[in-house]
Structures are given as structure tokens and as C-alpha cells.
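Any read-out appearing in this document is the output of simple, stated calculations on the displayed coordinates, not a laboratory observation. Please read these numbers as outputs of a predicted model, since none were measured by experiment. We place every Cβ from the backbone using ideal geometry, glycine too, and count neighbours over all the protein chains shown.
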Amino acid sequence: MSRTPDGLLALGDAICSYNPIYGQGVTIAAMEALDLRECLRRGNRNLPRRFFDASANTVRKAWRITVAADLSLPEIEGPRPLSVRISNALMDSALTAAEYDVECAIQFMKIIEMLDAPTSVLRPGFLLRVVRAKLMQSRTGSRSAATPSVVGQVPQQHPGLGAGNASVHRRQNSYCRADSRIASAPNEANEAEA
């Protein structure tokens, strides 16, 4: 559309719809509402153009995360440029580290919840934690040996989903494990003090 009707602005899924498995739709709509608030603070002049320019940046960041996550699944067709392959390798390492290290789990959830940029996995302190978790994983020989019981685990074979979606379930299960580790972190700290 070359021009939007006066008094009409689109938000959320009306601008861009994401894969619902990642749960980013509401987050992006809220971030677009913040973009709109900033635009309104500067008045109504050229509001649609200013808003759509501002929201394009928000949408672009989330879209890149979603596309990269989708392309990490072998059954998804599409080119995998070097940047996507590197990003997916880093996120997979961060996901593994989140199973062993509460701080990694917190950082991973901040990325997934769009509170922090995906580039935060490149911070030296975070990379060191990832390497430590990889070493711990190699010593235990298991992805989740150090993980407490999983809360809300998604079954490996959900009715209606193909058997080829095991990697999606592994990712979802890891999110659940990360959530349970984060939820239990204050309790572990309190028990250590006692």
C-alpha cells in the first residue's frame, strides 16, 4: 500500500505474523506499542510513516531470530547462509549451557523473550560459561544429567505432529528446563544460606 488511510495504524500480527511456537507475537505487539508511544510524543505529523519506520526495526530483529530458529531444523527448506549457521551454533551452545548453568539459562531466556539482543551470547563472560557447560556435558555424557526434574515437558511424539519434529520438542523441552532452573534459582540460594 503506498499510503495508509488517515487515522489507521496496524500493530502486531497485522504487520507481521511469526511462527507461534516461539511465542513472540504478543511481545512484538507490545514493543510496537512502545514504538507508537515514542512516535506520539513527537506529535501526529507523518505519524504512520514514522511509526512504520520505527516498528520495522522491531519487526526485523524478531523476524531474524524466528527465521534462524526455524532454519536450525533440518526439515525446514531454505538457504542457510553462514550468518544463520553461526547464529544457530551459538544459540544451540547457549541452549545446552542453559541446562547446566542458571546464569546461562537466565541470559538465554532474556534473548528468547526479546529483553536482550541475540548478540549477547558473544559476551566473553557468557562464552566462558558456555565452554564450562560444554565441558560438563562431555564429562556427564548427557545433555540433561545435571538438570533437575523437568516441569511441563513436551512429549517427544505429540499427536498431530510428525516424528521429524523431535528437534522442535528438544528445543521446547530445553526452554522448560531453563524456566524450571530459573524458577528454582532463588530457592537454591536460600537453601545455601541456611
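For Ile106 and Val131, a Förster radius of 22 Å and the Cβ-Cβ distance give a FRET efficiency of 0.80, rounded to the nearest 0.05. Which FRET efficiency value, to the nearest 0.05, is calculated for Val26 and Val67 with the Förster distance at 22 angstrom and r the Cβ-Cβ distance? Once rounded, the FRET efficiency stands at 0.70.
Rounded to 0.05, the FRET efficiency of the Leu40 and Arg123 pair, given R0 = 35 Å and the Cβ-Cβ distance, is 0.55.
Here the Karplus relation 6.51 cos²θ - 1.76 cosθ + 1.60, evaluated at θ = phi - 60°, turns the backbone of segment 29-44 into coupling constants of 4, 5, 5, 5, 4, 5, 4, 4, 4, 5, 5, 5, 5, 9, x, 8 Hz, with x for every Gly and Pro.
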